[in-house]
There are 4 protein chains.
Amino acid sequence: MSRPSEQSPAGGFRARLHTVIFEADTPAGKAFDVALLWVIVFSVAAVMLESVASVRVRYATALSVAEWAFTIIFALEYVLRLVAVRRPLDYMRSFFGVVDLMAILPSFLSVIFPGAQTLLVIRVLRLLRVFRVLKLGHLLGQAEVLMTALRASRAKITVFLGVVLSIAVIMGALMYMVEGERHGFDSIPRSMYWAIVTMTTVGFGDITPKTVLGQFIASVLMIMGYGILAVPTGIVSVELAKASHVSLDTQACPGCGKQGHDLDARYCKACGTVLDWAVSRSESR
Amino acid sequence: MSRPSEQSPAGGFRARLHTVIFEADTPAGKAFDVALLWVIVFSVAAVMLESVASVRVRYATALSVAEWAFTIIFALEYVLRLVAVRRPLDYMRSFFGVVDLMAILPSFLSVIFPGAQTLLVIRVLRLLRVFRVLKLGHLLGQAEVLMTALRASRAKITVFLGVVLSIAVIMGALMYMVEGERHGFDSIPRSMYWAIVTMTTVGFGDITPKTVLGQFIASVLMIMGYGILAVPTGIVSVELAKASHVSLDTQACPGCGKQGHDLDARYCKACGTVLDWAVSRSESR
Amino acid sequence: MSRPSEQSPAGGFRARLHTVIFEADTPAGKAFDVALLWVIVFSVAAVMLESVASVRVRYATALSVAEWAFTIIFALEYVLRLVAVRRPLDYMRSFFGVVDLMAILPSFLSVIFPGAQTLLVIRVLRLLRVFRVLKLGHLLGQAEVLMTALRASRAKITVFLGVVLSIAVIMGALMYMVEGERHGFDSIPRSMYWAIVTMTTVGFGDITPKTVLGQFIASVLMIMGYGILAVPTGIVSVELAKASHVSLDTQACPGCGKQGHDLDARYCKACGTVLDWAVSRSESR
Amino acid sequence: MSRPSEQSPAGGFRARLHTVIFEADTPAGKAFDVALLWVIVFSVAAVMLESVASVRVRYATALSVAEWAFTIIFALEYVLRLVAVRRPLDYMRSFFGVVDLMAILPSFLSVIFPGAQTLLVIRVLRLLRVFRVLKLGHLLGQAEVLMTALRASRAKITVFLGVVLSIAVIMGALMYMVEGERHGFDSIPRSMYWAIVTMTTVGFGDITPKTVLGQFIASVLMIMGYGILAVPTGIVSVELAKASHVSLDTQACPGCGKQGHDLDARYCKACGTVLDWAVSRSESR
C-alpha cells in the first residue's frame, strides 16, 4: 500500500504525514495505529451499547457525547488522510476510502434527517476499519495463507455452492409438497430456508417436518447434507496444506518461461537458468 | 456428449443445429446456452414465486402468462433437440431427455387434469437442466475433481452409512424404551429420526429427551456421533488431497543437499545442479 | 474366521454345514448369507413397525405370526450353527454367539413373562447380525481401513474426550451458577447436558441461556467448542491418510528384525534381505 | 516438574515425600496418584449430585459429611505438598498451587460466610486437579501432539477468531435492523449471540428470523459460516498431519523404478537394489 515517498521539499510535510498515518514502521506510525484501533473498538462498542434499550434510556447523554467525539476524531482523521495522499480522489474511491467516509457520514446525516436514526446502525461498519490497521500488523502472513487457500478453492467452492443451492431448491419444493402450509412449509422460498437450515446442520427447529414421509426426507437430507458439507472442509484442508508448503511466486523463468517457482528459488527448476529477479530481490533486502 | 458430425449434404442442417444446441464452442452455441440458462433460471424463479400465497393471488395472470411462455420455449427447444440428434429415441430415453420432457409435461397435464395443480411443483426440476448447460462451462474440471473424490470414496461411504443407520436403529429403539411416548419418542421410526437429527448435529429440538437417563444417552450419542461424522470429512479430505496431487518431493539435491524440490523439477532451484534422480526417474518411465 | 476343515469321514457333514453357514465362498454359502440378510432386515423392520401405535393395533395378528416365523427361523439357524462348529461352547460365548441367542430369547421369554413385552425392543439388536454377514462381503477392506484409522487414534481420542468432559463439567457448573433453575439449568448434570448439546453444535434449544452473561458464556463455549471439535476430524483425516498409504504388515525382517514393511515388500528396506514370508505368501496365493 | 532431589540427610524425608507426592515412577508414588484421582472424581461427583434438588434434600447429611471428608483429605494433601517442596511460596503461587488451594477454601469460607453457599460450585474446579495427575500418565505423548498442533496454529486461529467476531458484529447489526425487537433481535449484542449460534451451526432456535429478508440473510450467513468454520478444521488437520509426519518418499528405485519407499528406506523393497539417493542423502546430512 505504501509507496516510496519522494524527497522533494514541497512534499516533505505530506510525506511525513503519510508515514505516520498510512505506515506502521516508525514509532509515530505505530502509535497512531494503536490509538486508532482503540478509538474504533470503543466507537463500535458504543454503537452496540446504544442498541440495548435499557442502556440507551439511562445513558442517553453520555452516548451522544461519545458518538460526537468519535465522529469528530474520525472526520479529522479523514481530512488528514486526504491531505497525506497525493491523489485524494483515488483514495476517496478506494474501498477503505468509502469505509472511512461511512464512519462519519451517518452522524452528520442524522442531524439533517432526524428520521434516519435507525440507519445509525451503519456506524457498526466502522469495525471494517480495524482491518486497515491490522493489515499492517504481524498477522498479515497468516491472513495471506488463509486468503490464498480460500482464493485457490474459488472454482471448487462455486461448484459446491451451485450444488447446495440446487439441492435446497429441489428439497424445498419436495417438502412444500409433502408437508404443506399446515406444518410451516408455506412457500418454496421458506422451504428452501428450512432446507439450508437443515443441510448446514444449524437446525433452528422453527420449522420441522411433522409427517412420517417428511421426517424420512429430512433424514435423507441431513445425512446427504453432512456428506456434501464435508466437501468445503476437505477443500480448505487441502488448500491449506498446499498453501503452507508451496510458493506464491508468479514470476516466469527468463530462460524457458516456466512459472510456479518457490519464493526461495534462485535457479529455474526446469532449465537451470539463473532466476535474476530472485537474485535482485535477495540483494534488495 | 458431442460426437463429430459428418459432412454429408443430407445431415448438414442437422449437424449445424446440433452444434448450436448441444455444443458450446461456437459463438452461436454459446449464445444459445446463455439464453437457455436465463430462461431456466427465470422459469424456476416463477415457480418459486407462485408458491408464495400473497404473490400467487396478486399476480395470478402474469404468472400464468409467464408459465405458458416458458412452456412454449421449452417445448420448441425439445422439438429442436429431437430434430438435431440422429437417434431421437436414444435422446428421449437418456437422463437429460427425460428431464427435458418433464420441464414441459406438467403444464400440459394441468390443462387435461385440473386437479393436478399441485404436481406443478415438479416444474422446479427444470433446475436440473442447468447442469446440462453448466456441463459445457469452465467449471467442469473442478466438478470432476469433486466427483472423482466422491466416487473414489464410495465403498468407504457405504460402510459409513451402514454404521450410521445401525446406530440410528439401535439408539432409536433404546430411546423409545427409555423416554417413551410421553416425551415424543412415540415409535422406533420417529426415534430413529431423532437419532439422525442428533447424530448429524442438526438438533431441531422438536423432540428432546426429558429424563436424566435419556439426556445421558443423548450426550453419549452426540459425542459418539460427532466422532463418527468426522469420518466423511476425513474421507473427502484424503480423496481430495489425492485427486489434486499434493505431494512435494523430499529428495535432496546432490550438489548442495537442498530439499523440497517439486516432483517435476529437473534442476536444483538453489544451485542449478542437474537433479540426476529426476533424470533417471523420467528415463525409467 | 474360517479354518481349513479336516477331511475325516466323521466330520464330513459338519464340515459341509460349516462351509454353508459360516463361509461365503461357495454358491450355497453365499445363498445362505443373502437369505439370512433379508430375514434379518425383515425381522428388524417388523419390530420397527410394531412400535408404531396405529400399525400395532391394526395388524396385530400379522405381526405376531411374522414374529414367530422369524423366531423359529433364527432358532433353527442357531441350532445348525451349534452343530456346525466343533466347540459349541466357544461359539455360544463368543460375541456373535450371544447376539444370535439374543435374537431368539425375547420372543420365548415374552411367553413365560407376559409383563416383559416392552423388552421385546431388544429384538432390534438382531440388526447386529447383519455385520456377521457383511463381514464376509467385499466391503471388508474398506471397513478395516476405517477401523484401523479409528484404532490408531484411540489414545488421541481418549485425551480429547477427557478435555471435552472437563469443559462440560466446568462450563455446566458455571452456567448453573449464572443462569440458575429459573432458566432450565436446574442442576449441574443438566447443565452438562446443555454444555455437550452446545459444544457438539447440536443445539436442541430445549434449554437456552436467557441472561446477557449466560449468552456471552454460551458464545465463548460455542466458538471454543467448534475449535475443539475440529480435533477429531483432524485426527481421523490424518489417520485415514496414513491408513490408505502405509502398511499393516507386522512381520519383522529375518535379517535385521526391522518392522513396518509394506504388504507388497519383498526385500527388507533397511538391509536388503529377502523377506521370505513375503515370498511364501505370494506363492500361497 | 520433578527435580533431582539431593541426598543430604536433612532433606531425606522431604525428598522421599516429594517422590511419593509429586512423582509417579515409584510404586508408592503411583499408588498415591491413583488414590488421589479417585478422591478427586468422587468429590466432583458429590458436588454434581448436591446440585440436584431432590438429592440435596434427601441426602443432605451424607453429602455434608462427604464434603468435609474430601476437604480434610485435600487440606492434608496441601500441607504435605507445602512440606515436600523446598520453596513453598513458589508452589503456592504456581497454577496448580492455586488450584489446590481453591479445592479446600470454599468449604472453609462457607462456615465463615453462610451466604456464600452458591459459591461452593467453585469446588467443581477440583476437576482441574485431575490434569496434574494425568500429566504423569501415559497419555502425555498424545496430549503433546495435540497441543503442538494447536499451538502451531495460534496465529491462524487469532486471524480466524477476528474474522468470525467481525462477521458476528456486522451480521448482528444487520439482523437488528431487519428483524428488530418484535422478533427477538432486541439489541446488537443479542443479535451477535444469534449470529454466533447460527455461524457455529449450533442453532438453538430460541431466536429465529421471521421476515423473508431475515431468512435470506440467515441462509447466506449459514452457508458462509459453514465455509468459514471449515477453516479451523483444515488448520488443525494440517498441523496434526505435520505433527505426526505423514510423508512417504516419492523417489523411484534406480534398479526397477518402483516408487513409494519410506523415507528411511535404504534398499528397494521390490528388488533389493541399494537406493543411492538415500545413501547420498544421509551422507549430505
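The values are calculated or read from the model by the stated rules, or taken from the named source; none is laboratory data. Note that this is a predicted model, so its numbers are computed, not measured. Glycine also receives a Cβ, built like all others from the backbone with ideal geometry; neighbour counts cover every protein chain displayed. What goes into the accessible areas is simple: the full protein's heavy atoms, side chains included, and nothing from ligands, DNA or RNA. Shrake-Rupley method; radii C 1.70, N 1.55, O 1.52, S 1.80 Å.
Structure values in brief
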| read-out | value |
| --- | --- |
| Identity of the residue in region D:169-198, among the small types (Gly, Ala, Ser) and more than 10 Å from chain A (Cβ to nearest Cβ), that ends up surrounded by the most Cβ atoms within 10 Å (Cβ to Cβ) | D:Ala195 |
| Within region C:36-68, tally of residues that are small (Gly, Ala, Ser) and open to solvent by 50 Å² or more (accessible area, probe 1.4 Å) | 4 |
| Selected residue (only one of A:Leu17, A:Leu37, A:Leu63 is part of a helix (DSSP H, G or I) and within 22 Å of A:Val111 (Cα to Cα)) | A:Leu63 |
| Unique residue being farther than 30 Å from D:Ser54 by Cβ, within 8 Å of chain C (Cβ to nearest Cβ), in a loop (DSSP other than H, G, I, E, B) and not hydroxyl-bearing (Ser, Thr, Tyr) when the list is B:Val238, B:Val202 | B:Val202 |
| Output for region B:106-150, where each listed residue is modelled with pLDDT of 75 or more and among the basic types (Lys, Arg) | B:Arg123, B:Arg126, B:Arg129 |
| The one condition in (1) out of contact with any Phe, Trp or Tyr (no Cβ under 8 Å at 6 or more places or on another chain); (2) open to solvent by less than 30 Å² (accessible area, probe 1.4 Å) that B:Lys242 fails to fulfil | (2) |
| Test for A:Phe131: is it touching a Gly at 6+ places or on another chain (Cβ under 9 Å), open to solvent by 50 Å² or more (accessible area, probe 1.4 Å) and in a helix (DSSP H, G or I) | yes |
| Pick from region B:146-160, criterion facing chain C (nearest Cβ under 10 Å) and out of contact with any helix residue (DSSP H, G or I) (no Cβ under 7 Å at 6 or more places or on another chain), ranking: most open to solvent (accessible area, probe 1.4 Å) | B:Arg154 |
| Selection from region A:11-34 of residues that are open to solvent by 50 Å² or more (accessible area, probe 1.4 Å) and either at pLDDT 90 or above or farther than 17 Å from A:Glu77 by Cβ (or both) | A:Asp25, A:Pro27 |
| Scan of region A:199-227 for residues that are within 24 Å of A:Ser153 (Cα to Cα) and open to solvent by less than 30 Å² (accessible area, probe 1.4 Å), ordered by number | A:Met199, A:Thr200, A:Thr201, A:Val202, A:Gly225, A:Tyr226, A:Gly227 |
| Region D:153-174 - residue that is at pLDDT 75 or above and among the small types (Gly, Ala, Ser) and, of those, farthest from D:Lys242 (Cα to Cα) | D:Ala173 |
